Amino acid sequence: MSKAFLMKGFQSLRGNPMDVTACEINELMTIKSIETIDPEMRDFLFSLGCFEGRTITLISILGSTYIVNISDARYSIDAQLAQAIKV
Amino acid sequence: MRIALAGNPNSGKTTLFNAITGSIESVGNWPGVTVARKEGEVKRNLYKKNEAIRIIDLPGTYSMSPFTLEERITRDFVRNESPDVIINIIDANNLSRSLVYTTQLLELGVPVVVALNKWDTVKQKQTDINTETLSKQLNCPVIPISAIQNQGLRILIETCYQIKGKKQIAPYRCMIVENVEHVAESDKKRFEFVSAIVTEAEKRKVTSDKQTIHDTIDRIVANRYLGMPIFAIILYAVFSISQSTIGPWIADYMVAGIDSLYVFAESAMSEAVSPLLKTLLLDGIIGGVGAIVGFLPLIMVLFFMLALLEDSGYMARVAVVMDPIMKKVGLSGRSIIPMVISTGCAIPGIMSTRTIKNERERRTTAMLTSFMPCGAKLPVIALFAGVFFQEAAWVGTLMYFLGILVIIFGAYVIRKINNDTSKKSFFIMELPEYRWPSVKRAFTSMINQGKAFVTKAVTIILISNVVVQIMQTFTWQFQLVEEGLEATSILANISSPIAFAMIPLGFGIWQLTAAAVTGFIAKENVVGTLAVVFGITNFINTEELILVSGSIEVAGIFGLTSVAALAYLVFNLFTPPCFAAIGAMNAELESKKWLIGSIAFQLGMGYVLAYLIYQIGTFATTGQLGSGAFAGLFTVLVLIGIVLLIITKNSVETTLKVQ
Ligand SMILES: Nc1nc2c(ncn2[C@@H]2O[C@H](COP(=O)(O)OP(=O)(O)OP(=O)(O)O)[C@@H](O)[C@H]2O)c(=O)[nH]1
Ligand SMILES: [Mg+2]
């Protein structure tokens, strides 16, 4: 059992949404919320179609960089962003 | 008729613009290449009407939502300049995101035609897109095109004519505009609306969330540990091909040509031609300009290789690899794109910092990006690598990495000076798919850059060389400088005091100083001036040099050790780039304080680096310090002291403010 899987179970037990850093690779996830105090980040993500109700897939983890698929496009996002996207 | 090109970043707007106007604006396989609008005229063979069509290429934007303030260029353009038609370019591989912007454009009240670009790749991927359904649902014409293969362009222009002046009814309207909350709500519905259209019109063979070969390559080239070494190897390969193998091989032929031109011109001028005019023409013009043009093949091969890399999609990954390092000094991966562009020319590089939103990050990048060796610096690198280091490819590679290191260090210092401890900014970048780079496109890009290089050589550089030649030929009394009394020339007189300050750096010779100073006008001048002051035309082939200049090897003429030569090279590369780049910096920094700070910082950086290389290198090779070690140390310490002083002063001020 992978760490991500345990984490997911743990977090869902506590009722907390988890973020993209804890996602399983290749698993289609629905975004629950974008948690950030930076309105610029929220707006930018919005314009890419990354907001609550839409889907996101984690494709790979490269060190502190996460490659994700959002509305048919690949993006590289940093850990800070990945943590803001709750699924 | 006026047509505006609007669409998401990297959708191919500039490629289309170039294809229908015949322009040569720069294209790159990453988002954010175009930063200012460009205008052009549509080629006559694309339409029959007897009317000029102007077309405007706009920077790419993901959306037009009223709350993304920075991305309003398109909106403002459409509002203020009312084009007759908007061509909305869409990457057909990404309908679900692109069409959202389309629905926004359709609300503006200007007729829109959708160009489904990259149709060639859609066919390859066996995705099935029903353009009729799209057209019906969006209520506007939808034309599949391939900007890269010149397909569908005629129909596109034809359609523009047909819809000009027609009314289109937007399929989706945002009703409430006053309240930001409601707009957000409405835009969410907009995405749903688009998803429904896409589901109906598009049948994908493979859904986009499946792992592909591109993801596998990413895991290797953008790997946490392998990323940097791979980048280093690629740069080294690019250099060894352009500087040590193919480049010099072609250059040899070309230089032979320039030499025969020199000999021909010399013999063609009769005895009647005044010796003054003769040297001006031969040494000043043919010699100086020829010395630079001789490096053209090396530079073109390098540009060719860089264009291949850009086209492949690799450069976007370099930004990903560098992001964690850049974050440590308060920048992000976004600063890499200006640096990549600066390897061609610093001016567009500095301009491209506009896409960076955070002000300090933007200014820091604009101020530092010109430390990357640009095309004009290459002849200088190639000259010194060739003469002092047997054309070693490591010299060029080292200069690029030194450039990156200096930028990282510079960003660190600037952050300290600004005493900015604010949160790190976030980094997100769309990753284009990899593809086989096109030799044809790289060739075109190489020819364009080569042309620009030659144009510059026969204008600014030619004039500079003539001026240098005149200043070297006359004394202040406008008497010809006598043989053996070269130090009495105007040039020598002006340069000598500055040369004095260069002694601790290992090159306190007025000729070298003069070359470095003319380099501030344009970097190619360094080579041109060296050619003029030392009377050498052929820098490429040092064996032939003996024949041409009738003297010992160039290294001997310069009177430099290898270490001093490296110091001189570094000084030229890491001091302010050129007037034009400083102008661009002035425009982007929008602050006199930052501009003056930048120039001072660059001068100091070049000086300190050259000092360290010369003194440490000399000590390592000979066991003794170089000349002027202590005077230089004093200067270096003063420079460092000033920076430390500013840092402490600013941090105390902030602490006081907080209290
Ligand atoms: N396969 C394919 N690639 C294309 C086509 N048109 C453009 N491209 C590629 O798409 C990439 C982006 O092209 P650009 O013209 O720079 O895109 P842009 O929309 O101007 O981008 P920004 O200026 O960054 O907004 C380049 O690598 C082009 O070679 C096409 O018809 N087919
Ligand atoms: Mg463009």
Specify the residue that is surrounded by the most Cβ atoms within 10 Å (Cβ to Cβ); the eligible residues are those in the stretch B:413-434 that are in contact with a helix residue (DSSP H, G or I) (Cβ under 8 Å, 6 or more places away or on another chain) and away from every other protein chain (no Cβ under 14 Å). B:Ile414
State whether one or more residues within the stretch B:573-586 are open to solvent by 70 Å² or more (accessible area, probe 1.4 Å) and touching a residue at least 24 places away in the same chain (Cβ under 8 Å). yes
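Of everything in the stretch B:410-455 that's under 30 Å from B:Arg360 (Cα atoms) and polar (S, T, N, Q), which residue is farthest from ligand 1 (Cβ to nearest atom)? Steps first, answer last, please.
Within the stretch B:410-455, the subset under 30 Å from B:Arg360 (Cα atoms) is B:410-432.
Keeping just the survivors that are polar (S, T, N, Q) gives B:418-419, B:421-422, B:425.
Working: B:Asn418: 29, B:Asn419: 34, B:Thr421: 32, B:Ser422: 28, B:Ser425: 20 Å.
The selected residue is B:Asn419.
Looking only at the stretch B:345-381, count how many residues are among the polar types (S, T, N, Q) and open to solvent by 10 Å² or more (accessible area, probe 1.4 Å). Quick ask: steps written out before the conclusion?
Applying the first criterion (among the polar types (S, T, N, Q)) to the stretch B:345-381 yields B:352-353, B:355, B:358, B:364-365, B:369-370.
If we keep only those that are open to solvent by 10 Å² or more (accessible area, probe 1.4 Å) too, we end up with B:355, B:358.
Selection size over the stretch B:345-381: 2.
Please work out which residue is nearest to the other protein chains (Cβ to nearest Cβ), limiting yourself to the stretch B:14-24 and to residues that are open to solvent by less than 10 Å² (accessible area, probe 1.4 Å) and within 11 Å of ligand 2 (Cβ to nearest atom). First the steps, then the outcome.
Looking only at the stretch B:14-24, we keep the residues that are open to solvent by less than 10 Å² (accessible area, probe 1.4 Å), and these are B:16-17, B:20.
Among the residues that remain, those that are also within 11 Å of ligand 2 (Cβ to nearest atom) are: B:16-17.
Values: B:Leu16: 20, B:Phe17: 22 Å.
My answer is B:Leu16.
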For B:Pro497, all conditions in the list (1) open to solvent by 50 Å² or more (accessible area, probe 1.4 Å); (2) in a loop (DSSP other than H, G, I, E, B) hold save one; what is the number of the exception? (2)
Residues in the stretch B:75-91: is at least one touching a Gly at 6+ places or on another chain (Cβ under 9 Å), within 16 Å of ligand 2 (Cβ to nearest atom) and open to solvent by 20 Å² or more (accessible area, probe 1.4 Å)? yes
Complete set of residues in the stretch B:305-329 that are more than 14 Å from every other protein chain (Cβ to nearest Cβ) and surrounded by fewer than 24 Cβ atoms within 10 Å (Cβ to Cβ): B:Met305, B:Leu306, B:Leu308, B:Leu309, B:Asp311, B:Ser312, B:Val329
Just one of (1) assigned to a helix (DSSP H, G or I); (2) under 30 Å from A:Asp72 (Cα atoms) trips up B:Lys456, so point out which. (2)
Restricting attention to the stretch B:255-269, and to residues there that are modelled with pLDDT under 80 and open to solvent by less than 60 Å² (accessible area, probe 1.4 Å), which single residue is nearest to B:Pro373 (Cα to Cα)? B:Val255
I'm trying to understand the selection: among the residues of the stretch B:619-654, which are farther than 10 Å from B:Pro504 by Cα, over 34 Å from the mean Cα position of the chain (by Cα) and open to solvent by less than 70 Å² (accessible area, probe 1.4 Å)? B:Gly623, B:Ser651, B:Thr654
Cβ-Cβ under 6 Å pairs, at least 6 apart or on other chains, the stretch B:165-188 side farther than 20 Å from B:Ser82 by Cβ and assigned by TED's automatic domain parsing to the domain that holds B:Thr102, far side surrounded by fewer than 13 Cβ atoms within 10 Å (Cβ to Cβ) and at pLDDT below 65: B:His182/B:Ile176
List the number of the failed condition for B:Ala92; all other conditions in (1) modelled with pLDDT of 85 or more; (2) more than 12 Å from ligand 1 (Cβ to nearest atom) hold. (2)
Identify the single condition in (1) of a type in the set (A, V, I, L, M, F, W, C); (2) in a helix (DSSP H, G or I); (3) outside the structural domain of B:Glu132 (by TED's automatic domain parsing) that B:Ala272 does not satisfy, given that it satisfies every other one. (2)
One residue is enough: does the stretch B:410-427 have a residue meeting the conditions farther than 30 Å from B:Lys593 by Cα, of a type in the set (A, V, I, L, M), in the same structural domain as B:Glu590 (by TED's automatic domain parsing) and assigned to a helix (DSSP H, G or I)? no
Among strands (runs of 3 or more DSSP E) entirely within the stretch B:1-70, at least 1 residues that are more than 20 Å from B:Ile155 (Cβ to Cβ) and under 19 Å from the mean Cα position of the chain (by Cα) occur in B:38-41
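Pick from the stretch B:25-42 the residues that are exposed (fewer than 15 other Cβ atoms within 10 Å of the Cβ) and away from ligand 1 (no atom under 12 Å from the Cβ): which of them is farthest from the other protein chains (Cβ to nearest Cβ)?
Checked the stretch B:25-42; the qualifying residue farthest from the other protein chains (Cβ to nearest Cβ) is B:Glu41.
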Name the residue that is surrounded by the fewest Cβ atoms within 10 Å (Cβ to Cβ), counting only residues in the stretch B:95-125 that are more than 15 Å from ligand 1 (Cβ to nearest atom) and outside any helix (DSSP H, G or I). B:Gly109
Among all residue pairs at least 6 apart or on different chains, which show Cβ distances below 7 Å where the first residue, located in the stretch B:369-390, is of a type in the set (Lys, Arg) and the second is open to solvent by less than 10 Å² (accessible area, probe 1.4 Å)? B:Lys377/B:Lys523; B:Lys377/B:Leu573
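Quick grid of which residues meet (1) among the basic types (Lys, Arg); (2) at pLDDT below 90; (3) surrounded by 18 or more Cβ atoms within 10 Å (Cβ to Cβ):
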| residue | (1), (2), (3) |
| --- | --- |
| B:Val142 | no, no, yes |
| B:Ser146 | no, no, yes |
| B:Asn150 | no, no, no |
| B:Ile169 | no, yes, no |
| B:Phe191 | no, yes, yes |
| B:Asp209 | no, yes, yes |
Could you list, in sequence order, all residues of the stretch B:428-478 that are without any contact (Cβ under 8 Å) to a residue 24 or more places away in the chain and touching a strand residue (DSSP E or B) at 6+ places or on another chain (Cβ under 8 Å)? B:Ile428, B:Phe474
I'd like the full set of residues that are closer than 11 Å to B:Pro432 by Cβ and either in contact with a His (Cβ under 7 Å, 6 or more places away or on another chain) or not aromatic (Phe, Trp, Tyr) (or both), limited to the stretch B:298-318. B:Glu310, B:Asp311, B:Ser312, B:Gly313, B:Met315, B:Ala316, B:Arg317
Which of the residues spanning the stretch B:217-254 are of a type in the set (Phe, Trp, Tyr) and open to solvent by 60 Å² or more (accessible area, probe 1.4 Å)? B:Tyr225, B:Tyr236, B:Trp249, B:Tyr253
Read through the list (1) over 30 Å from B:Asn358 (Cα atoms); (2) open to solvent by 40 Å² or more (accessible area, probe 1.4 Å); (3) of a type outside the set (Gly, Ala, Ser); (4) modelled with pLDDT of 90 or more, then give the number of the only condition that B:Val458 fails. (4)
Select from the stretch A:54-87 the residues that are of a type outside the set (A, V, I, L, M) and part of a loop (DSSP other than H, G, I, E, B) and list them in ascending order. A:Arg54, A:Gly63, A:Ser64, A:Ser71, A:Asp72
Does any residue of the stretch A:61-71 turn out to be within 21 Å of B:Lys327 (Cβ to Cβ), modelled with pLDDT of 90 or more and of a type in the set (Gly, Ala, Ser)? no
Single residue of B:Phe409, B:Phe389, B:Phe384 found to be surrounded by fewer than 19 Cβ atoms within 10 Å (Cβ to Cβ) and closer than 23 Å to B:Ala291 by Cβ: B:Phe389
By residue number, the members of the stretch B:29-64 that are within 16 Å of ligand 2 (Cβ to nearest atom) and of a type in the set (Asp, Glu) are B:Glu39, B:Asp57
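The values are calculated or read from the model by the stated rules, or taken from the named source; none is laboratory data. All values derive from a computational prediction rather than experimental measurement. Note that we place each Cβ from the backbone using ideal geometry, even for glycine, and neighbour counts take in every protein chain shown. In case anyone asks, the SASA skips ligands and DNA or RNA and just uses the protein heavy atoms, side chains included. Shrake-Rupley method; radii C 1.70, N 1.55, O 1.52, S 1.80 Å.
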